[in-house]
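Trainee: Pasting a structure below so you can have a look.
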Amino acid sequence: MLADPRSKTLTTNFAFEWLRVRDTASLDPDPYTYPAFDAPLRAAIRREMELFLESVRKEDRSVIDLLSADYTFLNERLARHYGVPNVRGDQFRRVTLTDPNRFGCSARRRSRW
């Protein structure tokens, strides 16, 4: 069943609801703390979560990886926002993280932006 392309709705519907990813659309970070925050960055954050959750599903990884995975998906703009070096271009790619504070999607939710 997970091989069926329709299973992507597990990510876009169930997982996004469960992890409250949809809430990011209504959150506005402090403009003084995050002056470069804009709609494209918000969309990149959402895409990061979509790609991350999709990788856990497609690779049949443990649900524990949601909390402990040492990788994410970034493009240059999002990497710069997070302070992750050596990511260039608009294309999202899988990036191994070295800072354990960034592991898993719980870190992304804690930091919010």
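The values are calculated or read from the model by the stated rules, or taken from the named source; none is laboratory data. All of these numbers come straight from a predicted model, not from anything done at the bench. Positions of Cβ are generated from backbone atoms using ideal geometry, with glycine treated the same way; all protein chains shown enter the neighbour counts. Note: accessible area is taken over every heavy atom of the protein model, side chains too, but ligands, DNA and RNA are not part of it. Shrake-Rupley method; radii C 1.70, N 1.55, O 1.52, S 1.80 Å.
Trainee: Mind listing just one residue for me: the one in the stretch 54-86 that is under 22 Å from Ala15 (Cβ atoms) and polar (S, T, N, Q) and, of those, surrounded by the fewest Cβ atoms within 10 Å (Cβ to Cβ)?
Mentor: Ser62
Trainee: I'm told Gly89 meets every condition in (1) open to solvent by less than 80 Å² (accessible area, probe 1.4 Å); (2) on the phi < 0 side of the Ramachandran plot except one. Can you identify the failing condition by its number?
Mentor: Unmet for Gly89, out of (1) open to solvent by less than 80 Å² (accessible area, probe 1.4 Å); (2) on the phi < 0 side of the Ramachandran plot: (2).
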